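Have a look at the structure below, then the notes.
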Amino acid sequence: MIEVQQLTKYFGAVLAVDHVSFAIDRGAIVGFLGPNGAGKSTTMRILTTYLPATSGSAKVAGYDVRNQAMEVRQSLGYLPENVPLYPEMRVDEYLQFRAKLKGVDRSQRKQRLHYCIDRCRLTGVQRRLIGTLSRGYRQRVGLAEAMIHDPPILILDEPTAGLDPNQQQDTLGLIRELRENHTIILSTHILPEVEEVCAQVIIIAQGRVVLQDALDQLTKDSEILIEVRADRAEVESVLKTMNGVAQVNPQAADDPGLASFSIVTVDQQDLREPISRQLTQRGWTFRRLDLRRRTLREHFVAATMGRRSTN
Ligand SMILES: Nc1ncnc2c1ncn2[C@@H]1O[C@H](COP(=O)(O)OP(=O)(O)OP(=O)(O)O)[C@@H](O)[C@H]1O
Ligand SMILES: [Mg+2]
């Protein structure tokens, strides 16, 4: 549905997007993550045809962003980082105007308008001037505008930034419902949101893709943490001979009589019980035996470490 190849964008001497490539299948919900200044918004602006790339290519719904901009815009709804709205227009007038501009058929317009106002919880403010709305409500008007022509793809740049927790949850609920029949790219800094609604993540840092995977694969990544009252070298040698153990990493212990390790297993197997059997049969006792999944936050930090932007 979206195909990006070697996409590169310079702003003068600043390299904002650096040979980025990825592909997103129809129906995928992708979390597009990265530190501030990583190039997320720039990539999204190129995909939505609001900014030309310096080099490389991008196709959206089969259309080239460079020379089929009209078709690309028809295929997607875009919620930009800073939503441009007309402050002197009323919410319903604005959405109607945008629906017309986006070519929504006259016979469909009323029904689409009603649907988007309802779904974005704008019913109570539809007659208000946009300029008098709070930031959160303006964000929802932006989302309604992105959806008004019922595009198959939604590109949402921090849709929940600045929203209160109730509105965040509401917007996430809406995105969860939209998953059914849309392909969605969602940029956010709120990682639990990604864990809640996305199936895949793409992490970029300093304009480059540094990690790209299915979320369930990432969070399968685990380590087993143990603390055993025994000689560290002896415990280590027993662990290293066990089937399925890939790495045995010594950890600092707060008690000199304890041996503490982080164990990585082949294929993320849960070896807690075999480990427990092996060590207790030697008369050693455990203070700790835990399986810990790596969180998205840990993946994010590891993938972007040393690649934080300086601006
Ligand atoms: N119009 C512009 N002119 C010059 N430099 C720009 C312009 N837009 C973006 N940049 C630069 O490009 C880089 C990437 O910016 P971008 O807005 O894409 O980052 P981002 O990943 O969306 O960050 P954030 O998480 O803060 O929104 C930054 O170094 C930024 O300063
Ligand atoms: Mg941004």
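What to note about this one:
- Answer from A230, A252, A246 - the residue that is over 30 Å from L15 (Cα atoms) and at pLDDT 95 or above: A230
- Residues (in a loop (DSSP other than H, G, I, E, B) and either more than 7 Å from ligand 1 (Cβ to nearest atom) or outside the structural domain of P84 (by TED's automatic domain parsing) (or both)) located in the stretch 36-63: T48, T49, Y50, L51, P52, A53, T54, A61, G62
- Inter-residue pairs, beta-carbon under 6 Å, first modelled with pLDDT of 95 or more and in the stretch 193-211, second surrounded by fewer than 19 Cβ atoms within 10 Å (Cβ to Cβ) and of a type in the set (D, E), 6+ apart: G207/D18; R208/D18
- Screening the candidates L76, L47 for the property of being over 16 Å from the mean Cα position of the chain (by Cα) and within 16 Å of ligand 2 (Cβ to nearest atom) yields one hit, L47.
- Close pairs (8 angstrom Cβ cut-off, 6 or more residues apart or separate chains): in contact (Cβ under 8 Å) with a residue 12 or more places away in the chain and on the phi < 0 side of the Ramachandran plot in the stretch 28-57, within 10 Å of ligand 2 (Cβ to nearest atom) and assigned to a helix (DSSP H, G or I) anywhere: F32/K40; F32/T43; F32/M44; L33/K40; L51/T42; L51/R45
- Taken over the stretch 1-13, the criterion of being in a strand (DSSP E or B) and either among the hydrophobic types (A, V, I, L, M, F, W, C) or within 14 Å of ligand 2 (Cβ to nearest atom) (or both) is satisfied by I2, V4, L7, K9, F11.
- Within the option set T295, T304, being within 16 Å of ligand 2 (Cβ to nearest atom) and in contact (Cβ under 8 Å) with a residue 24 or more places away in the chain holds for one residue only, T304.
- Some residue of the stretch 229-240 being hydroxyl-bearing (S, T, Y), away from ligand 2 (no atom under 16 Å from the Cβ) and outside the structural domain of D18 (by TED's automatic domain parsing): yes
- Considering residues of the stretch 90-129 that are touching a Leu at 6+ places or on another chain (Cβ under 7 Å) and not in a helix (DSSP H, G or I) only, the residue nearest to E71 (Cα to Cα): C120
- Each residue in the stretch 130-161 was checked for being in a loop (DSSP other than H, G, I, E, B) and under 16 Å from C116 (Cβ atoms), and 7 of them qualify.
- Residues within the stretch 135-162 that are more than 16 Å from ligand 1 (Cβ to nearest atom) and not charged (D, E, K, R), tallied: 13
- Test: A16 is within 14 Å of ligand 2 (Cβ to nearest atom), buried (at least 19 other Cβ atoms within 10 Å of the Cβ) and on the phi < 0 side of the Ramachandran plot: yes
- Of everything in the stretch 19-35 that is within 15 Å of I204 (Cα to Cα) and assigned to a loop (DSSP other than H, G, I, E, B), the residue that is farthest from ligand 1 (Cβ to nearest atom) is P35.
- Long-range neighbours under 8 Å by Cβ, at least six apart or interchain, first residue at positive phi within the stretch 239-256, second surrounded by 10 or more Cβ atoms within 10 Å (Cβ to Cβ): G244/T265; G244/V266; G244/Q269; G244/L271; G244/P274
- Within the stretch 149-196, the set of residues being of a type in the set (G, A, S) and either more than 16 Å from ligand 2 (Cβ to nearest atom) or out of contact with any Gly (no Cβ under 9 Å at 6 or more places or on another chain) (or both) comprises A161, G173.
The values are calculated or read from the model by the stated rules, or taken from the named source; none is laboratory data. Since the model is a prediction, treat every value here as computed from it, not as a measurement. Note: ideal-geometry Cβ built from the backbone for every residue, glycine included; neighbour counts use all protein chains shown.
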